[in-house]
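*Asks:* Sharing a structure below in structure tokens format, with a few things to ask.
Just so you know, all these numbers are worked out from the coordinates, no wet-lab data involved. The shown structure was predicted, so the numbers you read here are calculated from the model rather than taken from an experiment. Neighbour counts run over all protein chains shown; Cβ positions are idealised from the backbone, glycine included.
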Amino acid sequence: MTEPTPARHPEPRPAQLLSVVVPTMNEEEVLPEFHSRLAAVLRQLPIRSEIVYVNDGSTDATLAVMKRLRSADPRVAIVDLSRNFGKEIALTAGLDHAEGDVVVIIDADLQDPPELIHELLAGFRDGFDVVYAQRRVREGETFIKKATAFAFYRVIQRLTPRVKIPADTGDFRLLSRRALDSLQTLREQHRFMKGLYAWVGYPQKAVPYDRSPRHAGQTKWNYWGLWNFAIEGITSFSTAPLKLASYVGIFTAVGAILYAAWIVYKTIAFGEDVRGYPSLMVVILFLGGVQLVTIGILGEYLGRMFDETKGRPLYFVTEYVPPGDPESPA
């Protein structure tokens, strides 16, 4: 679903330096091909560019591959995190080190084509601060993965009416410097970046594209990870689960009162004996289940509050290798 086109700035805006932020974790197999395609795209652009690779605690030769790319291409910068912090934090680290007045975020697995950067930049020149790539086709993914992704985006849109999180959209997007500066003021520990991009506002535009299968290597996401990611997104931008827990508690209490009144009525009117152990166990287990679910929902929000109050830094960097002179346009 494509969002309505918002108002644009009245005049086109030129860009002087493009930063491409690439979070990676165990991508040694695909990184050389990705860099080759990305470099070919950047050579065609009429602006200078830099490439910020973030190593998120890789256990393979990803960092060594990055350093080889840096020795051959002075545009490359390397942010080596002290451990694996997760993609959302790695992405934040890359954005913190981006120097450009326009920034493109892209994964290294080549499911998102670097060639689309031309269209993202065209949207920026037309005055949009956020230009996001929206998937029309998701090749190489199972039916269950597509169905659950479809359901997740529709559910979170219903639960976050004031923050318009676009459907079928990942991290592949362009940010203007003012959008990035606004995003960098949000330093929460539990980071659902797709929601944060939408939360900062500013004119935004969708660019539809067809997503390709992963070029090489293995995906870092399994269904358990995706489930936790969905919970992260919902609890980061909506209090609807808390309201739902309240409603479930109210309806359960009303149902229990009505059921108790029905038992009293039958006993008085018809002289029926009150049922014993089976009915009692059903009621106890039902109420216990409702209470545990409600406590679990409260725990999710309380855990997030606990993490935020500690005020820890989002990440630590083992090594930062800055780019050389950003390459001038050919």
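*Asks:* Using a simple spin-label model with points 7 Å from Cα along the Cα→Cβ vector, what separation in nm is obtained for VAL248 and THR318?
*Replies:* 4.2
*Asks:* Sorted by average packing, counted as other Cβ atoms within 10 angstrom per residue and highest first, what order do 17-30, 179-192 take?
*Replies:* In descending order of packing, they fall as 17-30, 179-192.
*Asks:* Next question. Tell me, in nm to one decimal, what length is gained between HIS190 and GLU119 on full extension, where the rule is 0.36 nm per residue of separation less the Cα-Cα distance? Can you show the working numbers first?
*Replies:* Details: separation 71, 0.36 × 71 = 25.56 nm, distance 3.10 nm.
22.5 nm is the gain from fully extending HIS190 to GLU119.
*Asks:* Label-point separation (nm) for ASP126 and GLN44, each offset 7 Å from Cα along Cα-to-Cβ?
*Replies:* Here the modelled spin labels are 1.8 nm apart.
*Asks:* Modelling each spin label as a point 7 Å along the Cα-to-Cβ direction, I'd like the THR309/GLU33 distance in nm, to one decimal.
*Replies:* In this crude spin-label approximation the distance works out to 4.9 nm.
*Asks:* Also, I was wondering about something else. Going through the cross-link list LYS67/LYS194; LYS87/LYS194; LYS87/LYS205, which pairs have a Cα-Cα distance over 22 Å in this structure?
*Replies:* Details: LYS67/LYS194 30 Å; LYS87/LYS194 12 Å; LYS87/LYS205 24 Å.
From the list (LYS67/LYS194; LYS87/LYS194; LYS87/LYS205), the Cα-Cα distance tops 22 Å for LYS67/LYS194; LYS87/LYS205.
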